[in-house]
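For reference, the structure discussed in these notes is given below.
The values are calculated or read from the model by the stated rules, or taken from the named source; none is laboratory data. Source: prediction; values computed, not measured. Note: ideal-geometry Cβ built from the backbone for every residue, glycine included; neighbour counts use all protein chains shown.
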Amino acid sequence: MSRDEWLIEEQTPGYRTQWRVRRVLHEEQTPFQHLQLVEMEDFGRALVLDSAVQTTVGDEYIYHEMIAHVPLFTHPNPERVLIIGGGDGGTAREVCRHSSVQKVDMVEIDRAVVEACRRYLPETACGLDHPKVNLVIGDGLAWVAERRGEYDVILVDSSDPVGPAVGLFNRAFYENVYRALKPDGLFVAQVLSPFFHKKLIHDVYQVVASIFPITMPYLTVVPTYPSGLHCFMLGSKRHSPLRQGVRVPSWPTRWYTPAVHRAAFQLPPVVAELLQPTAAPEHAEGPCHAAPTV
Ligand code: SAM
């Protein structure tokens with residue numbers, strides 16, 4: 001891609017998003033994925049993996065505040081946190097704002113992502129070098145399978161279910177997440193878009209709800225993600241994110257507030273219906289296919 005060309009991300013044969021790119025700052029084929037660091041005209045520097053936009057300077061704060069602060073303020077005293085993926089460092093940056101957090105294990109499979117983000121995305125990569133962060137280059141699948149009762153919060157900040165992240169969206173993984181959590185632990189995973197990934201969200205919800213006593217998806221807006229509407233899945237052994245006494249930030253945020261926290265769990269009917277056991281969407285993906293008529 002040369003100067004002033006367009007980065008195109010195709011979701012379906014009928015839907016693409018594209019960004020004018022001023023410069024390609026870095027590009028390589030790693031052992032796991034195709035990695036690009038580009039400078040977008042409108043959203044600034046951005047990490048792109050296998051042609052999917054992962055994070056941009058222009059809107060990363062929304063995603064990273066919402067994946068971190070919803071679970072960490074839900075837990076009464078989060079001390080031990082695990083981040084799977086998150087190689088850009090933004091999630092780690094937000095987790096380390098919580099004074100209760102003593103240690104963050106962060107397991108990122110691709111060293112090249114860490115190195116490229118350290119060089120080109122200091123705004124998020126600053127989280128990688130926080131003294132509380134223990135950065136491990138490795139497979140999150142294997143890491144979580146070997147842990148028992150170790151974490152208060154686990155955050156699955158993975159790429160989409162392709163390549164190295166495929167195994168981070170199935171039952172065996174979520175059962176290992178359950179075992180790796182303390183008796184009152186909780187986890188959050190990014191589960192893509194309710195418009196373009198209906199079946200994924202439906203299936204992940206059914207699996208997580210069969211393992212965790214409290215399972216609640218929540219929504220946010222990420223302008224550079226497909227459709228702009230993005231979903232997280234929360235699974236909790238004991239604490240509800242809507243319980244009385246959810247703690248509040250004592251430092252400035254740009255998106256997260258206690259009111260945004262509560263509102264994120266108010267699902268529009270078209271999203272709530274994805275949670276019905278039998279409502280496996282007739283058309284697995286794509287925004288305009290109506291739910292099956294019952
Ligand atoms: N915010 C982004 C999103 O929602 O799409 C995710 C950002 S982060 C860059 C995603 C990271 O997950 C990538 O760096 C990728 O290398 C990492 N990853 C994918 N599969 C993994 C695995 N099995 N273990 C550890 N990290 C993994």
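Looking at region 82-96, is at least one residue in contact with an Asp or Glu (Cβ under 9 Å, 6 or more places away or on another chain), away from the ligand (no atom under 13 Å from the Cβ) and modelled with pLDDT of 95 or more?
No, region 82-96 contains no residue that is in contact with an Asp or Glu (Cβ under 9 Å, 6 or more places away or on another chain), away from the ligand (no atom under 13 Å from the Cβ) and modelled with pLDDT of 95 or more.
Here's the yes/no breakdown for (1) at pLDDT below 95; (2) assigned to a loop (DSSP other than H, G, I, E, B); (3) more than 10 Å from the ligand (Cβ to nearest atom):
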{"position": "S159", "(1), (2), (3)": "yes, yes, no"}
{"position": "F173", "(1), (2), (3)": "no, no, no"}
{"position": "G185", "(1), (2), (3)": "no, no, yes"}
{"position": "A189", "(1), (2), (3)": "no, no, no"}
{"position": "S193", "(1), (2), (3)": "no, yes, yes"}
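For residues that are more than 6 Å from the ligand (Cβ to nearest atom) and not in a loop (DSSP other than H, G, I, E, B), tally how many sit in region 141-157.
Keep residues of region 141-157 that are more than 6 Å from the ligand (Cβ to nearest atom), which gives 142-156.
Filter once more, keeping what is not in a loop (DSSP other than H, G, I, E, B): 142-145, 151-156.
Count: 10.
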